[in-house]
Amino acid sequence: MISKFTRSFLLSCIALLLIGSLFFLNPPIRIYHDAVNHAWFNEDGVDPSLQKPQPPPAPPQVEAGTVNGGVIMGKLGNETAKAELGRATWKLLHTMTLRFPEVIDIGPFPFQSVY
């Protein structure tokens, strides 16, 4: 038969083991509050479930003359400059489309070898 001292020692060890396992198996929840931004943080970052619902932002105040204003650039009077601008725009557009690859290769890039 087990002595009274051994029995109380074993029960104490088992009780300490159970209480200790609660702390190790369930780590404490750490939640932080940022006083400047009024945001709640946990270990993963901002926790949206703890955020207070924010009202939608007010639309920006726009002056009446801004929306219904006049033309910024008037009619281009010089027809030669207008034609040259059109040709240069089409040349740029066609150059971009010709240089763009038809099949994009997602292989290793040279800068990836540095890491």
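The values are calculated or read from the model by the stated rules, or taken from the named source; none is laboratory data. Here the structure is a predicted model, which means the values were calculated and not measured. Ideal geometry is used to build each Cβ from the backbone, glycine not excepted, and the neighbour counts take in all protein chains shown. Just so you know, the surface numbers come from the protein's heavy atoms only, side chains and all, with ligands and any DNA or RNA stripped out. Shrake-Rupley method; radii C 1.70, N 1.55, O 1.52, S 1.80 Å.
A probe of 1.4 angstrom, applied to the heavy atoms of all protein chains, finds residue 84 with accessible area near 100 square angstrom. Computed with every protein chain present, the accessible area of residue 85 is close to 110 Å² [probe 1.4 Å]. Between residue 10 and residue 96, the distance separating the two model label sites (each 7 Å from Cα on the Cα→Cβ line) works out to 8.2 nm.
For the set 36, 62, the ranking by accessible area, highest first and with no ligand, DNA or RNA atoms included, is 36, 62 under a 1.4 Å probe.
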